[in-house]
Amino acid sequence: MIPTPYLTHFSSKDYEKFYEPAEDTFLLLDAFEEDFETLKPLRGGICLEIGSGSGCVITFLEKLMGSGLFLSTDINPDAARATSLTAAKNKAIVNPVITHFTQGLSTRLHKAIDVLVFNPPYVVTPSEEVGSHSIEAAWAGGIDGREVIDKMLPIVDDLLSPRGVFYLVLILDNRPQEIMNLMKTQYGLESKIITLRKAGREKLYIVRFSRENLEG
């Protein structure tokens with residue numbers, strides 16, 4: 001069992017600048033451990049987290065996988081610095097990039113990502129909160145919590161390697177089954193709910209997508 005990364009280097013003041021790890025973060029870590037038999041053959045590959053925030057998730061993945069190239073992107077410079085610091089404090093090697101999704105990297109990462117991770121802003125909010133320069137942008141998902149998610153989904157197929165897997169955090173309001181059906185019909189990606197948990201009023205899902213049915 002891999003311990004949760006140390007985050008004691010951050011104060012409450014720091015979390016005014018980037019997303020503080022919460023139930024969705026820790027459920028994602030649990031999902032990686034639960035799905036380790038799927039991840040194990042991908043050791044040594046390229047792993048990318050989009051929207052790394054504090055760096056907790058990509059740092060945990062680096063420790064779990066043990067080898068490979070670990071990249072993260074975030075449009076927020078404070079988040080990129082936080083990710084770098086969390087990796088260093090936990091003796092992990094992570095390469096943060098300040099960019100929107102994978103802008104400027106798509107050509108080099110085309111069909112190259114073995115493990116792709118996205119814990120998106122998924123909370124149902126007014127559209128005007130989406131993509132703002134305040135902390136609300138870390139969770140504001142707009143209509144149905146889907147405005148950021150729906151912009152991300154079309155690039156998944158371009159990023160995933162033939163053996164690649166994509167882990168996505170969703171809530172019930174995002175209509176997970178609709179997303180799973182869309183990814184199957186439009187991109188041929190199989191999906192499975194790895195874990196789900198009730199957190200307050202929200203029902204959190206971790207869904208794994210892959211080019212092949214990994215369930216046998």
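The values are calculated or read from the model by the stated rules, or taken from the named source; none is laboratory data. None of these values were measured; they are calculated from a predicted model. Cβ atoms come from the backbone with ideal geometry, glycine included; neighbour counts cover every protein chain shown. Ligands, DNA and RNA are stripped out before the accessible areas are found, and what is left, the full protein with its side chains, is counted by its heavy atoms. Shrake-Rupley method; radii C 1.70, N 1.55, O 1.52, S 1.80 Å.
Given Cβ point charges of +1 (Lys, Arg) and -1 (Asp, Glu) and nothing else, what value in debye, to the nearest 20, does the dipole of the chain about its Cα centre take?
Rounded to the nearest 20 debye, it is 540 debye.
Per residue, what accessible area does the chain have, given a 1.4 Å probe and all protein chains present, in Å²?
48
Would you please give the FRET efficiency between residue 69 and residue 144, computed as 1/(1 + (r/R0)^6) with r the Cβ-Cβ distance and R0 = 41 Å, to the nearest 0.05?
Step by step, r from the Cβ atoms, then E = 0.75.
What's the Kirkwood radius of the stretch 1-160 in Å, using all Cα pairs?
Result for the stretch 1-160, one decimal place: 15.9 Å.
For the stretch 95-203, what class follows from the C-alpha gyration tensor (a ≥ b ≥ c being the square roots of its eigenvalues): rounded when a/c is under 1.5, otherwise prolate if a/b is larger than b/c, else oblate?
Oblate.
Compute the distance from the alpha-carbon center of the stretch 39-100 to that of the stretch 111-176, in whole Å.
Answer, in whole Å: 17.
Determine the dipole magnitude for the stretch 89-145: charges of +1 sit on the beta-carbon of Lys and Arg, -1 on that of Asp and Glu, nothing else is charged, the reference point is the Cα centre, and the result goes in debye to the nearest 20.
500
Quick one: of the DSSP bridges fully inside the chain, what percent are antiparallel, nearest 5?
Antiparallel: roughly 45 percent of the beta bridges in the chain.
Run the quick spin-label model on residue 91 and residue 23: label points 7 Å from Cα toward the beta carbon, then report their separation in nm to one decimal.
In this crude spin-label approximation the distance works out to 3.4 nm.
With the crude spin-label approximation of a point 7 Å out along Cα→Cβ, what separation in nm comes out for residue 155 versus residue 185?
Those two pseudo-labels are separated by 2.5 nm.
Placing +1 on the Cβ of each Lys and Arg and -1 on the Cβ of each Asp and Glu in the chain, which of 124, 93, 56 has its Cα farthest towards the positive end of the resulting dipole?
Comparing the listed Cα positions along the dipole, 93 ranks first.
With each label point set 7 Å from Cα along the Cα-Cβ vector, what nm distance links residue 135 and residue 6?
Placing both labels 7 Å beyond Cα along the Cβ direction yields 2.4 nm.
Using only helices, what value at 222 nm comes out for the chain when you add -39,500 (n - 2.57) per DSSP H run of length 4 or more and divide by the total residues, to the nearest 500 deg cm²/dmol?
One gets -9000 deg cm²/dmol as the mean residue ellipticity at 222 nm.
Mind giving me the FRET efficiency for residue 192 and residue 98? R0 is 35 Å, r the Cβ-Cβ distance, nearest 0.05 is fine.
0.60
Report the calculated FRET efficiency for residue 111 and residue 14 (r = Cβ-Cβ distance, R0 = 25 Å), to the nearest 0.05.
Once rounded, the FRET efficiency stands at 0.10.
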